[in-house]
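To start, the structure itself, in structure tokens.
The values are calculated or read from the model by the stated rules, or taken from the named source; none is laboratory data. Since the structure is predicted, the reported quantities are computational estimates derived from the model, not experimental observations. Using ideal geometry, Cβ is built from the backbone for each residue, glycine included, and neighbour counts are taken over all protein chains shown. The protein model used for the area step is the full one, side chains on, heavy atoms only, and it has no ligands, DNA or RNA in it. Shrake-Rupley method; radii C 1.70, N 1.55, O 1.52, S 1.80 Å.
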Amino acid sequence: MTASSSGNGARFSGQQDAQQPNTEPESEERLDNLWLARELFRLGGIRFGEFTVGRTVNSPVYVDLRVMVGSPSTLRYAGRLIQQEASAEQLRRKPTFDPFDIVAGVPYGGLHLATAYSLATNVPMVYARQRTPEQAVTTGASDEDDGVPGSAVGATIQGSFTPGMRVLVIDDLITTGSSLVETVQLLSAAGLRVRDAVVLVDREQGGSERMKELGVRLHSILKLPIMLNLYMSSGMIDEETYRRSIAYLEANRRRRG
């Protein structure tokens with residue numbers, strides 16, 4: 001998805017050393033989500049101006065988490081943060097995270113995150129997609145005869161699974177939740193059970209409420225308003241940029257509420 005921007009391209013102080021990578025925290029005791037917030041800013045994953053992406057119109061802040069594919073250490077760290085979140089929530093006296101058998105990445109932004117998590121934990125991964133007629137796979141025989149899975153036009157699940165398995169859905173960003181909702185519905189239609197979803201960044205524009213309507217708990221590693229507060233308090237953005245961005249998020253949350 002392409003973002004159109006009419007911003008002036010101004011760079012703030014935190015962006016000036018974008019080519020100098022931050023040192024990844026060495027401690028294994030507790031991973032720091034705010035370190036990741038700073039790293040995403042450094043990589044150019046958080047930009048300011050005026051952006052239109054899909055249903056998000058004239059937003060003063062743009063979140064592009066695809067920048068992580070160019071930084072393996074950051075992507076690995078994000079996968080470990082998701083692992084930490086899931087483990088911590090399952091260990092609570094009253095767990096807010098159900099056990100799961102496999103993970104599912106949301107195309108396309110969640111695929112690299114789900115892959116990073118799967119590689120770190122050895123938990124199998126699947127993903128749901130809609131095949132167009134051009135993408136259909138045919139063998140000259142019916143699927144029933146040759147056992148080719150998920151090759152027809154329409155919804156299909158890539159990867160090995162058994163109906164009834166429990167799935168943790170992983171995505172990079174949630175705004176209104178449309179992509180996550182579609183994935184949950186496709187997985188459920190295939191007989192998989194979804195109780196929890198994890199996103200790296202929640203813009204807090206109604207996505208959590210939509211997931212709740214589906215009976216799915218949303219867990220976020222970072223929330224955009226908190227990230228913006230960090231950037232302002234650290235001198236990475238000015239107060240005017242912070243206030244304009246927060247006002248936009250609040251206005252759109254009320255509009256969708």
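Against the numbered list (1) part of a loop (DSSP other than H, G, I, E, B); (2) touching a Ser or Thr at 6+ places or on another chain (Cβ under 8 Å), residue 61 comes up short only at (1). Residues that are at pLDDT 90 or above, of a type in the set (A, V, I, L, M) and closer than 16 Å to residue 192 by Cα number at least 3 in the following strands (runs of 3 or more DSSP E) confined to the stretch 65-172: 102-105, 125-131. Residue by residue through the stretch 32-59, note down the ones that are open to solvent by less than 10 Å² (accessible area, probe 1.4 Å) and not hydrophobic (A, V, I, L, M, F, W, C). Listed by number, the residues that qualify are 39, 45, 59. Does any residue of the stretch 164-180 turn out to be open to solvent by 30 Å² or more (accessible area, probe 1.4 Å), under 19 Å from residue 98 (Cα atoms) and out of contact with any Asp or Glu (no Cβ under 6 Å at 6 or more places or on another chain)? Checked against the condition, which is being open to solvent by 30 Å² or more (accessible area, probe 1.4 Å), under 19 Å from residue 98 (Cα atoms) and out of contact with any Asp or Glu (no Cβ under 6 Å at 6 or more places or on another chain), the stretch 164-180 yields at least one hit.
Of the residues making up the stretch 84-101, those that are aliphatic (A, V, I, L, M) and open to solvent by 60 Å² or more (accessible area, probe 1.4 Å) number 1. Assessment of the stretch 198-205 against the conditions (surrounded by 15 or more Cβ atoms within 10 Å (Cβ to Cβ), touching a helix residue (DSSP H, G or I) at 6+ places or on another chain (Cβ under 7 Å), modelled with pLDDT of 95 or more and within 20 Å of residue 99 (Cα to Cα)) yields at least one matching residue.
If you go through the stretch 206-257 and keep only what is assigned to a helix (DSSP H, G or I), open to solvent by less than 40 Å² (accessible area, probe 1.4 Å), among the hydroxyl-bearing types (Ser, Thr, Tyr) and under 28 Å from residue 170 (Cβ atoms), you end up with 231, 245, 248. Scanning the stretch 74-83 for residues that are open to solvent by 10 Å² or more (accessible area, probe 1.4 Å) and closer than 13 Å to residue 40 by Cβ gives a single hit, 75.
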